[in-house]
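The values are calculated or read from the model by the stated rules, or taken from the named source; none is laboratory data. The structure presented is a predicted model; accordingly, all values stated were derived computationally and were not measured. Note: ideal-geometry Cβ built from the backbone for every residue, glycine included; neighbour counts use all protein chains shown.
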Amino acid sequence: MTCTSNVLNLKLVLITPLDLEKESLLIHEAIPSGAIEYAIDITQVGPMPVDGQADLIIEHRGSHEFVNDIRLRAKYSAQFEILCARCVDPVPVPLAGDFDLIFRPSDADAESGERAITVDETEIGYYEESGLLLEDVVREQVLLSLPGRTLCTPDCKGLCPSCGQNLNSASCNCDKAAADPRWNALAGLAGAIKLKN
């Protein structure tokens, strides 16, 4: 397969086997902020450069059966803001990563019944008949790369559960001793145990 290339510069980048039949497809894309929805607490800040290459891998499954797999290799980097898990202030998170993935047509493995898969097959993604959207792949890779929980500082005080005041910036006048009345029965039980001993 030759390494000459086409350059993708579209709003949504759709990769199809037809695009890859004659040559590899070089990808030089800047995904703008807001083009991909990640999660309610994750925001991409500024464009995300994505550079890579897509290739067609023809998988032979018998004398007259072929499957058009797409191999997508790329790297990306961007600035994100993730809301702090305690005080919900935005936290800047720089992120960079790369991936090397294989995608197969969604109907290629649509056999009825159960079948065993190889370890290599657990690493294969699937694309619909229309093709593979670069933005979908990048979104998944970003979400897999982000930390599970983000705090603005390790000792973040969070929000007051009563009034919602950010306790990192100011204290509030809420009664700190106010307890959930459902615990009153246990408080009485603890007192009874002390009297018994």
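Results, tabulated for the structure shown:
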{"read-out": "Failed criterion for Ala74 (all others in (1) at pLDDT 95 or above; (2) farther than 17 Å from Gly125 by Cβ hold)", "value": "(2)"}
{"read-out": "Condition broken by Leu144, with the remaining ones in (1) at pLDDT below 90; (2) part of a helix (DSSP H, G or I); (3) surrounded by fewer than 10 Cβ atoms within 10 Å (Cβ to Cβ) satisfied", "value": "(1)"}
{"read-out": "Filter pass, Glu123 being at pLDDT below 85 and at negative phi", "value": "yes"}
